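The structure under discussion appears below in the form of structure tokens.
Taken together, the values in this text are just the output of simple stated rules run on the coordinates, not laboratory data. Computed from a prediction, not measured in an experiment: that's the story for all the values here. FYI the Cβ positions are ideal-geometry reconstructions off the backbone, even for glycines, and counts take in every protein chain you see.
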Amino acid sequence: MALLPVAEALQRLLDGATALPGESVPLADASGRVLADPVVALRTQPPFNASAMDGYAVRAADVASAPARLSVIGMAPAGRGFTGSVGKGEAVRIFTGAPLPEGADTIVIQENVRDLGGGGIEVTEPTVEGRNVRRRGLDFCEGDLLLEKGRQLDPAALSLAASANHPSLNVVRQPLLAIIATGDELLPPGSALGPDQIISSNACGVTATAQSVGARALDLGIAADRKDAIAALVKKAVKAGADVIVTLGGASVGDHDLIHDVLTGEGMQLDFWKIAMRPGKPLMFGRLGDIRCIGLPGNPVASLVCSQLFLKPLLARLGGRSCRQEIRTARLGVAMHANDLRQDYVRAVVREDAGELIATPFGIQDSSMLRMLADANGLIVRQPFAPAAEAGEECTVLMLR
């Protein structure tokens, strides 16, 4: 099978991927979720003309000039409005959020009032009609469209939905990613290692990638290098309702690389296997019914770079989100050799100097070196057959953070 260009591989992987169906969740569980339906106001806010300040409800005609003396005829705390009517020369003590009494059209703030005792007050500053009054429907009216479908629910959006009297919202179901690591040599973090064993680190990074776009991750653990062991975990992933299955390692062409055989044996239709990129050449993609299956390389850096380029956009789309990769133009900090037929993603440190970005690649680009990837904040993207480049030449950088 010929090496597939990166852009074509991504297009084929995303083909037909749309937002998953919606589910209703309580507001308390909706933070960060994506709306599957628009949100329409179920009430008017405020539902009545309300005081915006602590003070006195009055008629504007009585306080057009100052000083003005008025008689206090009652009180209107929030949640319990004054039931009478304000007439000429009268005022009602009112607090923020309380309904404006009948007959009143203005609020005089308490700082502009002097208590005369015996139920009398003196307004010391003139006040115009409508001052400090929140009119009914100032924020929204019943039936107004408040939030569009596809909106990610941040604190302001959730508060708005709550004020519109929605106890729950219909949001896009979070994609479920099932992760299967493979390899006799692998043990989970914290294990006591034998002389031929290493720690399985890829699942942690892949889980974090999934969570960064709102997906759920189900780590099914490490399968031994046996077809039955791998198949058992694939069956668990299917039973759990996974939308995407990711395997870590074992997707190449060696004697112990069994993923392809197991997945096709379970019914997967292979789409592609091998990509013209570095790191990450042995990337596999196929479909097991409605489940998308991605075989990530076992080398840690290759696994995470492929997760950034392929898995993250897929999970974002299934979750109803956009996934914009930040692409910047920079100048090379050092010269680079000509490239071969594969598209390179070169780990680099990107810094600003005199208003320009300078991207300096690490001298070693081994795909097992996680520390280097953790230190990198960008990937220099080198196109296939790119010629040698001198220091100072422009380059394209995929920013990592």
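A few remarks follow.
- Placing +1 on the Cβ of every Lys and Arg and -1 on the Cβ of every Asp and Glu, with nothing else charged, gives the chain a dipole about its Cα centre of roughly 560 debye.
- Taking amide H as placed 1.01 Å from N in the peptide plane, R151 has its amide H under 5 Å from the amide H of L35, each at least 5 places away in sequence or on another chain.
- Protection proxy ranking for 71-84, 179-192, using the average of other Cβ atoms within 10 Å per residue and placing the highest first: 179-192, 71-84.
- Built amide H within the under 5 Å cut-off of L4, gap 5+: I275, A276
- For the stretch 1-152, diffusion coefficient by Stokes-Einstein and Kirkwood Rh (Cα), 4 °C, 1.567 mPa s, µm²/s: 67
- Cross-link partners of K274 among lysines (Cα-Cα below 30 Å; sequence separation of 8 or more within a chain): K227, K235, K236, K239, K312
- Taking the Cα atoms of the stretch 224-343, the ratio Rg/Rh between the radius of gyration and the Kirkwood radius comes to 1.03.
- Rel. contact order, % - alpha carbon contacts under 8 angstrom, at least six apart, the chain: 16
- Between D37 and Q11, full extension at 0.36 nm per residue minus the direct alpha carbon distance yields a gain of 6.7 nm.
- Gain on full stretching of the segment that runs from A224 to E111 - 0.36 nm per residue minus C-alpha separation: 33.1 nm
- Sites matching GluC sites (Glu not before Pro) across the stretch 74-164 that sit in DSSP coil, with at most 13 neighbouring C-beta atoms within 10 Å: E129, E148
- Extension gain (nm, one decimal) between S85 and E102, 0.36 nm per residue minus Cα-Cα: 5.6 nm
- The stretch 242-344: relative contact order in percent, alpha carbon pairs under 8 Å with at least 6 residues between: 26
- At most 16 other Cβ within 10 Å, DSSP loop - chymotrypsin sites (Phe, Trp or Tyr not before Pro), the stretch 215-307: none
- Phi angles of the stretch 49-64 translate, via the Karplus equation with coefficients 6.51, -1.76, 1.60 and θ = phi - 60°, into HN-Hα couplings of 5, 10, 6, 8, 8, 6, x, 9, 7, 9, 8, 4, 4, 7, 10, 5 Hz per residue; Gly and Pro are given as x.
- Normalised by the number of residues in the stretch 120-259, the average gap of Cα pairs under 8 Å and 6 or more apart makes the relative contact order 26 percent.
- Across the stretch 329-337, rounded Karplus estimates of 3J(HN,Hα) from the backbone phi angles (6.51 cos²θ - 1.76 cosθ + 1.60, θ = phi - 60°) give 9, 9, 10, 5, x, 9, 6, 10, 6 Hz, Gly and Pro being marked x.
- Diffusion of the chain by Stokes-Einstein, at 4 °C in a medium of 1.567 mPa s and with Rh set to the Kirkwood radius over alpha-carbon pairs, works out to 50 µm²/s.
- Listed values for the stretch 121-128 are Karplus-derived 3J(HN,Hα) couplings in whole Hz (6.51 cos²θ - 1.76 cosθ + 1.60, θ = phi - 60°), namely 9, 10, 7, 9, 10, x, 9, 8, and x replaces Gly and Pro.
- The charge dipole of the stretch 53-173, taken about the Cα centre with unit charges on the Cβ atoms of Lys, Arg (+1) and Asp, Glu (-1), comes to about 260 debye, rounded to the nearest 20.
- Taken along the Cα-to-beta-carbon direction at a fixed 7 Å, the label points for R371 and K149 span 5.1 nm.
- Amide H contacts of A223 (H built 1.01 Å from N, under 5 Å, at least 5 apart or other chain): A181, T182, G183
- Between the residues L187, C293, N49, the greatest Cα displacement towards the positive end of the dipole of the chain, with unit charges on the Cβ of Lys, Arg, Asp and Glu, is found for N49.
- Cα-only Debye scattering, the stretch 342-401: base-10 log of I(q)/I(0) at q = 0.21 Å⁻¹: -0.85
- Unit charges at the beta carbon, dipole of the chain: most positive-side option, S201, G319, I109: I109
- Here's the picture: a label point sits 7 Å out from the Cα of V128 along the beta-carbon direction, and within the stretch 50-91 the residues with their amide nitrogen under 16 Å of it are 60-66.
- The loop-placed trypsin sites (Lys or Arg not before Pro) in the stretch 277-327, going by DSSP, that have at most 12 neighbouring Cβ atoms within 10 Å of their Cβ come out as R324.
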